[in-house]
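Participant: Below: one structure in structure tokens.
The values are calculated or read from the model by the stated rules, or taken from the named source; none is laboratory data. Note that this is a predicted model, so its numbers are computed, not measured. Every residue, glycine among them, receives a Cβ derived from its backbone with ideal geometry; neighbour counts consider all protein chains shown. Only protein heavy atoms, including side chains, enter the accessible area calculation; ligands, DNA and RNA are left aside. Shrake-Rupley method; radii C 1.70, N 1.55, O 1.52, S 1.80 Å.
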Amino acid sequence: MKFINKEERSLSSLIYWIIASVVFIIGIAFYYYFREPTIVEVFLNIDHPTVLLPYTNYLNWYPSFAHVFSFSIFTWLLLEKQYENYSILFWMVLNIIVEFGQMLDTPIGIFPINIQYYFIVGTFCWWDIVAIILGGTCVKLLIANTENN
């Protein structure tokens, strides 16, 4: 068993924060530039540039990947690098529920209005489910290959 000192641990945490933040920011940029106006624009009250390029249809899964990947790492770090499996599983399950919720065409009163709206106007896609699973798997592999050495 290798013991690491406090400085190595905080450098490791900083690197994880940076990786997760970059992946997340790219996801937000993808929404902003390549998707129809979404809750990001509504929430931030900004105009949408509408740069819809033809090949973006092949990358529509990326925000689902980015959300699970980044938030799993953020949560794991906030829990002081404990409970990685719970963190990953939580974000995967939550995102899968949201994705399947997009198959609904009527509001469900138990959810906040903005989530109901997201369910109604969202589009279910199996590639998002694959991206969610891939995001969780990548976090698990990243942690396993960097923390246990």
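Participant: Hey, can you tell me all the residues within segment 100-133 that are touching a Phe, Trp or Tyr at 6+ places or on another chain (Cβ under 6 Å) and closer than 21 Å to Ser70 by Cβ? Break it down stepwise before answering.
Facilitator: Quick first cut of segment 100-133, residues touching a Phe, Trp or Tyr at 6+ places or on another chain (Cβ under 6 Å) only: 101-104, 127-128, 131.
Hits for segment 100-133 are Gly101, Gln102, Trp127, Asp128, Ala131.
Participant: From Thr123, Thr137, grab the single residue that is on the phi < 0 side of the Ramachandran plot and touching a residue at least 12 places away in the same chain (Cβ under 8 Å).
Facilitator: Thr123
The rows are residues; the columns are (1) under 25 Å from Tyr58 (Cβ atoms); (2) at pLDDT 90 or above; (3) open to solvent by less than 40 Å² (accessible area, probe 1.4 Å); (4) β-branched (Val, Ile, Thr).
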| position | (1), (2), (3), (4) |
| --- | --- |
| Asn85 | no, yes, no, no |
| Met92 | yes, yes, yes, no |
| Ile108 | no, no, no, yes |
| Thr146 | no, no, no, yes |
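Participant: Yes or no: segment 97-108 includes at least one residue that is within 13 Å of the chain's Cα centre (by Cα), farther than 20 Å from Val22 by Cα and part of a helix (DSSP H, G or I). Outline the logic, then answer.
Facilitator: Initially, segment 97-108 is screened for residues within 13 Å of the chain's Cα centre (by Cα), giving 98-99.
Checking the rest, the ones that are also farther than 20 Å from Val22 by Cα come to 98-99.
Going one step further and asking which of them are part of a helix (DSSP H, G or I), we end up with 98-99.
Checked against the condition, which is being within 13 Å of the chain's Cα centre (by Cα), farther than 20 Å from Val22 by Cα and part of a helix (DSSP H, G or I), segment 97-108 yields at least one hit.
Participant: Read through the list (1) open to solvent by less than 40 Å² (accessible area, probe 1.4 Å); (2) modelled with pLDDT under 95, then give the number of the only condition that Ile97 fails.
Facilitator: (1)
Participant: Also, I was wondering about something else. Output the qualifying pairs, or none if there are none: Cβ atoms under 7 angstrom, residues six or more apart or on different chains, first residue in segment 13-27 and over 15 Å from Leu142 (Cα atoms) and at pLDDT 95 or above, second residue of a type in the set (Gly, Ala, Ser) and assigned to a helix (DSSP H, G or I).
Facilitator: These pairs meet every condition: Phe24/Ala66; Phe24/Ser70.
Participant: Of all residues in segment 55-80, which are touching an Asp or Glu at 6+ places or on another chain (Cβ under 7 Å) and open to solvent by 30 Å² or more (accessible area, probe 1.4 Å)?
Facilitator: Keep residues of segment 55-80 that are touching an Asp or Glu at 6+ places or on another chain (Cβ under 7 Å), which gives 61, 64, 76.
Passing the criteria: only Trp61.
Participant: Which of the residues spanning segment 110-138 are assigned to a helix (DSSP H, G or I), open to solvent by less than 70 Å² (accessible area, probe 1.4 Å) and modelled with pLDDT of 80 or more?
Facilitator: The answer is Asp128, Ile129, Ala131, Ile132, Gly135, Gly136, Thr137, Cys138.
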